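Student: Mind having a look at this structure? Questions to follow.
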Amino acid sequence: MPRNLPILLGIFVVMALSNAVVPVLPDFAEGAAMQGAVYAAYFLGTFVTVLPAGIASDRIGRVPLIRAGLLLTIASGILILLFPSGLPLLVFRGVEGIGAGLFLSAALAWANSHPSSGQISGYVMAAQNLGLVVGLLAAGWLDVVFGSHLAGIAFFTALTVPALGMSAVIRESKLARFARADLPLIVRNYFWLFAAAAVLVGMTGAVAALYPGYTGSDPSLLALQLATINIATIVAVLIAPRLDLRPAPTIRVSSLLMAGAVAAGYVTPYALPVIGALSGVIIVAVLAFLAETQIQQGVMTGLFNTATYAGFTFLSAFAGLVAGEFSFLIAFLLLAGMAAVMTVTIGRCRCGYPG
């Protein structure tokens, strides 16, 4: 664990800072459109970065990108504190997303290149979700204590500084034993695996995007309810690596359970931790499989991150559009149907190993 601590602290603070704007979005921007833009700018920056960062990590190493990601995170946090509104805020949220994309792809490739990759990747994903939970809850609490919506941004920006200092002790994972990645061939052979990851992991973001408008509950209650998604994911990614999970069978079972849980989410918030736990199981199964392919892990995890962030970005927007044009019931049922379809499409994946 000590050798992994700089990576885990880094992913924790990067994710916490990304979520520190969520409970206080109305203080950063007026109107749903601008608030949505502030929220989405981060995901856009991450989405366009994770695959190039994964490819670069295979060529120049993981450590330089990890440090660059932390530097960009600190810089963007400071700039958001200085320019907390308007177009500059959108630009610097995008820069924050780019930093997160660099760090996340390099860190996950670093973890998935180790012999005990399943366990270490589980720790990385647990730290990621813990950061999201703490960023969400702490930012709201700090806003109350200090009377400033910037308190959470300031706190987690400052916490990134020791994470950057600790990155000096990170050493490269071994790259030689992995086969060179043929990107077009990988996309062709594993398309349906990554498509399933986009839909089933991205489902957590879509449900989280729908829930506040659907329930109209008190923000503090909503924060706790939505936090159960990430908490359940943390538990799942720590337990699932101890199981021998194959991606296709796991996705078949999980997609059906996910469909039921998403539909149940229209009726009860107790479905939220089930959705989070299923997402965690799928993440572990897919990452373990990608490590076993023995293909360069920067490309493989870069594609995985691209798929999941595409799911977060586009599923959330799609679900909100359907809910606005038709109804929340239609939106929940449509998401449930998309999850169920993954049961069929995963059978088209050429999910095999080289040779």
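Student: Could you tell me the relative contact order of the stretch 257-355? Use alpha-carbon pairs under 8 Å, at least six residues apart, and round to a whole percent.
Tutor: 41
Student: Find the relative contact order for the stretch 217-277 and round it to a whole percent, using C-alpha pairs within less than 8 Å whose residues are 6+ positions apart.
Tutor: This gives 55 percent for the stretch 217-277.
Student: Also, I was wondering about something else. GNM on the chain, C-alpha springs below 10 Å: top fluctuator among 280, 131, 165?
Tutor: Ranking 280, 131, 165 by mean-square fluctuation puts 165 first.
Student: With a point put 7 Å past each Cα toward its Cβ, work out how far residue 268 is from residue 256 in nm, to one decimal.
Tutor: Reported label-point gap for residue 268 and residue 256 is 2.1 nm.
Student: Counting only protein chains, not ligands or nucleic acids, how are 182, 244, 143 ordered by accessible area (probe 1.4 Å), most first?
Tutor: Sorted descending by solvent-accessible area, the residues read 244, 182, 143.
Student: So, one more: Each residue of the stretch 266-274 in order: what ³J(HN,Hα) in whole Hz does its phi give by Karplus 6.51 cos²θ - 1.76 cosθ + 1.60, θ = phi - 60°, with x for Gly and Pro?
Tutor: Each residue of the stretch 266-274 in turn: 5, 9, 9, x, 5, 6, 4, x, 5 Hz.
Student: Another question, then. Pulled fully out, how much extra length does the chain show between residue 158 and residue 48, if you take 0.36 nm times their separation in residues and subtract their Cα-Cα distance?
Tutor: Gain on extension, residue 158 to residue 48, equals 37.0 nm.
Student: I would also like to ask the following. Determine Rg/Rh for the stretch 1-72; Rg is computed over alpha-carbon atoms and Rh is the Kirkwood hydrodynamic estimate from the same atoms.
Tutor: 1.07
Student: Hey, another quick one. In the stretch 292-355, carbon and sulfur make up what percent of the accessible area (probe 1.4 Å)?
Tutor: Carbon and sulfur atoms account for 69 percent of the accessible area of the stretch 292-355.
Student: If I take every Cα pair under 8 Å that is 6 or more residues apart in the chain, average their sequence separation and divide by the length, what percent do I get for the relative contact order?
Tutor: RCO, the chain: 26 percent.
Student: Starting from the Cα gyration tensor of the stretch 125-247, take the square roots of the eigenvalues, sort them a ≥ b ≥ c, and report rounded, prolate or oblate (rounded when a/c is under 1.5, otherwise prolate if a/b is larger than b/c, else oblate).
Tutor: In terms of gyration-tensor shape, oblate.
Student: Only four residue types carry charge here, +1 at the Cβ of Lys and Arg and -1 at the Cβ of Asp and Glu. Report the dipole size of the chain about the Cα centre in Debye, rounded to the nearest 20.
Tutor: Dipole about the Cα centre, nearest 20: 1180 debye.
Student: If you don't mind, another one. Based on the alpha-carbon gyration tensor of the stretch 131-201 and its eigenvalue square roots a ≥ b ≥ c, which shape applies: rounded if a/c is under 1.5, prolate if not and a/b is larger than b/c, or oblate?
Tutor: oblate
Student: In whole Å, what are the extents of the stretch 197-325 along the principal axes defined by its C-alpha atoms, from largest to smallest?
Tutor: Principal-axis extents of the Cα atoms in the stretch 197-325, largest first: 47, 27, 25 Å.
Student: Also, I was wondering about something else. Please report how far the C-alpha centroid of the stretch 278-355 lies from that of the stretch 111-160, rounded to the nearest whole angstrom.
Tutor: Going from one Cα centre to the other spans 23 Å.
Student: In deg cm²/dmol, rounded to 500, what helix-only [θ] at 222 nm does the chain give when every DSSP H run of at least 4 residues adds -39500 (n - 2.57) and the total is split over its residues?
Tutor: Helix contribution divided over all residues of the chain: -26500 deg cm²/dmol.
Student: Under a 5 Å amide H to amide H cut-off, with H placed in plane at 1.01 Å, what residues pair with residue 295 once short-range neighbours are removed?
Tutor: So residue 295 has HN proximity to 179.
Student: If you count only protein heavy atoms with a 1.4 Å probe, what accessible area per residue comes out for the stretch 24-70, rounded to a whole Å²?
Tutor: Accessible area per residue, the stretch 24-70: 41 Å².
Student: Using a 10 Å cut-off on Cβ atoms, rank the peptides 201-210, 155-164 from the highest mean neighbour count down.
Tutor: Result, highest mean Cβ count within 10 Å first: 201-210, 155-164.
Student: Something else about it: Just the ratio, please: alpha-carbon radius of gyration of the chain over 2.2 N^0.38 Å, N its number of residues.
Tutor: Ratio of Rg to 2.2 N^0.38 Å for the chain: 0.93.
The values are calculated or read from the model by the stated rules, or taken from the named source; none is laboratory data. A quick note: this is a predicted structure, and the numbers were derived from the prediction, not measured. Note that each Cβ is placed from the backbone with ideal geometry, even for glycine, and that neighbours are counted across all protein chains shown. Quick note on the areas: whole protein, heavy atoms, side chains included, nothing else; ligands and nucleic acids left out. Shrake-Rupley method; radii C 1.70, N 1.55, O 1.52, S 1.80 Å.
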